[in-house]
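Single-structure report; data block below.
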Amino acid sequence: MNYPLHNENKKHPEILTPIHSSYSDEYAERMCDLYLSDHIERNEQGELQEYYRLHARDWHTPEMALAYDIKCPKCGAILKQVARQNSGTELGLYTCKVCNKD
């Protein structure tokens, strides 16, 4: 699933809120400035965990990508980045410490 991101607070443009959508990967890539895609992977303990990859239409430096605070699509808590960006448009990998808490 893809989650287009938008800013709800003009005073804090770095805080991004996901919108639930049914956009295809191709549509989100073409039409969204920033969006999250969800990934289910095994963590270090071998347990399934949900992660989110941040994607950008325009090229980002690592410093530009780190400036964002992104809310969790499920609970609204701020996501924590757990892996670096893969390219200028495939940015960091994030997880929600609240949703993935055992």
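Among the residues making up region 25-44, a single one is exposed (fewer than 11 other Cβ atoms within 10 Å of the Cβ) and part of a loop (DSSP other than H, G, I, E, B): Glu44.
With respect to (1) of a type in the set (Ser, Thr, Tyr); (2) surrounded by 14 or more Cβ atoms within 10 Å (Cβ to Cβ); (3) over 16 Å from Ala77 (Cβ atoms), the lone exception for Ser22 is condition (2). Quick one: is Ser24 touching a strand residue (DSSP E or B) at 6+ places or on another chain (Cβ under 6 Å) and not hydrophobic (A, V, I, L, M, F, W, C)? When the stated conditions are applied, Ser24 does not pass them. In the condition set (1) in a loop (DSSP other than H, G, I, E, B); (2) touching a Ser or Thr at 6+ places or on another chain (Cβ under 9 Å); (3) among the hydrophobic types (A, V, I, L, M, F, W, C); (4) under 18 Å from Met1 (Cβ atoms), Trp59 is compliant with all but (4). The numbered conditions (1) surrounded by fewer than 19 Cβ atoms within 10 Å (Cβ to Cβ); (2) assigned to a loop (DSSP other than H, G, I, E, B) are all true for Gln85 except (1). Please tell me if Cys99 is at pLDDT below 95 and open to solvent by less than 20 Å² (accessible area, probe 1.4 Å). No: the conditions fail for Cys99.
Write out, first by first residue and then by second, each pair whose Cβ atoms fall under 9 Å of each other, whose residues are 6+ apart or on separate chains, and whose first residue, in region 83-99, is free of Cβ contacts under 8 Å to residues at least 24 places away in the same chain while the second is surrounded by fewer than 20 Cβ atoms within 10 Å (Cβ to Cβ) and in a loop (DSSP other than H, G, I, E, B). Listed by first residue and then by second, the contacts come to Ser87/Trp59; Lys97/Ala77. With the condition kept exactly as written, say whether any residue in region 6-29 is more than 16 Å from Lys80 (Cα to Cα), in contact (Cβ under 8 Å) with a residue 24 or more places away in the chain and in contact with a Pro (Cβ under 9 Å, 6 or more places away or on another chain). Yes - at least one qualifying residue is present in region 6-29.
Note on region 45-82: among residues that are free of Cβ contacts under 8 Å to residues at least 12 places away in the same chain and over 18 Å from Cys96 (Cβ atoms), the one that is most open to solvent (accessible area, probe 1.4 Å) is Glu63.
The values are calculated or read from the model by the stated rules, or taken from the named source; none is laboratory data. Everything numeric here is computed off the predicted structure, so don't read it as measured data. Cβ: placed from backbone, ideal geometry, glycine included. Neighbour counts: every protein chain shown. SASA here: full protein model, heavy atoms, side chains in, ligands and nucleic acids out. Shrake-Rupley method; radii C 1.70, N 1.55, O 1.52, S 1.80 Å.
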